[in-house]
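Working notes, structure below.
Every number in this text was worked out from the coordinates using simple rules, so none of it is lab data. Treat the numbers as computed from the prediction; the structure is a model and nothing was measured. No Cβ is skipped: glycine too gets one built from the backbone with ideal geometry, and neighbour counts run over all protein chains shown.
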Amino acid sequence: KNNISRPDFNISLPQNIQALSGSCVIIKCTFETEEKHDKNLVPKSAATGLWLKDGDKINDHLVFHSTDPKPNHSNGKITGNLLEKNCTTVFYNVSSKHTGKYYFRIESSDLKYIYTVNASTINVIDSPPKPTVQLYVEQKEVLEGSSVSLRCSAETLCSSPPPTLTWSSTPRIPLSESSRLEELISDLNFTATHRQHRVTFTCTITYQLQDENKTAQDSITLHVQYSPKNTSVSVLPSSSVLEGSSVTLICSSDANPAVLNYTWSRESEGQMEQLQSGDTLTFDRIDQKHRGCYHCTAQNQHGTQNSSVMLDIQCEYYITANFTFFRSSDQYIWTLDRKAVSVCICKTHY
């Protein structure tokens with residue numbers, strides 16, 4: 001009946017256990033006794049398991065009795081077989097009052113012993129532990145076209161029904177899930193594209209309790225490297241420009257890492273002329289010789305992409321409906337409103 005430690009009386013149970021408020025908690029437990037007491041652990045002996053909290057005095061610290069529960073006792077059940085020295089126990093409707101240090105006592109015929117050398121400390125928490133999201137890739141960096149695996153793993157606490165893992169952002173990506181005794185795992189496998197650059201993937205663990213759902217989540221933001229995309233050339237002020245005016249061509253592109261180099265070339269009469277580097281190409285005073293198709297090439301370490309624009313140059317001088325002409329010898333001459341003079345030679349037939 002004493003609780004003095006004896007070498008043959010050993011117990012194995014977790015030192016610390018987390019429990020979610022409103023759920024359940026399991027103490028995994030096995031014990032050993034002196035060999036002479038094995039005769040007391042037989043079916044006819046009606047073995048009884050007791051748990052004492054924050055002390056080893058039965059009258060003061062008893063919180064669970066497997067065969068004689070009291071109204072002030074914790075609601076629970078010994079799920080292990082005491083006759084096989086398995087004292088695994090589950091407590092239900094966990095609340096903050098369950099927080100504390102628990103000692104096991106076995107009673108069966110002449111066998112009465114409290115295991116005080118080892119105890120389990122239960123810590124009741126209001127929110128579940130966060131899952132952990134990790135990134136697995138073929139390379140050190142996530143490149144467009146590479147295989148990516150995101151793994152969400154979570155410690156599972158006692159709950160009925162068991163907790164579940166869900167992913168946000170990607171409902172179309174198939175999941176693979178596995179569950180071990182104390183861990184839940186969900187893998188998200190896909191081929192990386194530039195559209196997933198800076199996309200945040202969130203994994204949520206959900207406990208469906210009687211009164212509410214309790215959740216916790218972890219996130220990871222994906223950084224995908226890719227060659228230039230959506231390369232385009234814009235013309236300021238417009239692609240149809242007036243001869244003599246100032247014009248700037250601007251090249252832009254989406255790339256990760258950013259574009260290292262922009263290069264310009266011009267195609268005119270079937271010939272390609274290399275121009276300059278940089279994201280802008282400026283003409284201070286444009287004229288007809290600048291007419292043509294301009295190409296911009298954006299480049300980073302993963303590739304290149306081209307874009308082009310046709311530059312249409314409008315003549316500075318034009319004829320209006322209002323003009324004056326006069327005869328000088330056998331020529332007719334007329335004047336225009338933009339300081340230009342055009343000459344027309346007329347031939348007269350008699």
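Compare the Cα positions of Ser252, Pro228, Gln314 along the charge dipole of the range 227-314 (+1 at Cβ of Lys, Arg; -1 at Cβ of Asp, Glu; about the Cα centre) and return the one farthest towards the positive end. With unit charges placed on the Cβ atoms, the residue in question is Pro228. Ordering of 276-285, 15-24 by packing is 15-24, 276-285, highest average first (other Cβ atoms within 10 Å, averaged per residue).
The range 12-42 to the range 276-299: how many Å between their Cα centroids? The distance from the Cα centre of the range 12-42 to that of the range 276-299 comes to 81 Å. The listed peptides 107-120, 207-220, ordered by packing as a protection proxy, come out as 107-120, 207-220 (highest mean of other Cβ atoms within 10 Å first). Charges at C-beta only: +1 for Lys and Arg, -1 for Asp and Glu. How large is the resulting dipole of the range 227-314 about its Cα centre, in Debye rounded to 20? For the range 227-314, the charge dipole is close to 120 debye. What aspartates and glutamates sit close enough to Lys77 to cross-link, taking a C-alpha to C-alpha distance under 18 Å and skipping anything fewer than 8 places away on the same chain? Excluding near neighbours in sequence, the set is Asp68, Glu107. Roughly what percent of Cα-Cα pairs across the range 10-125 reach past 16 Å? The share of Cα pairs beyond 16 Å in the range 10-125 comes to 57 percent. Ranked by the mean number of other Cβ atoms within 10 Å of their residues, highest first, the peptides 243-255, 148-160 come out as 148-160, 243-255.
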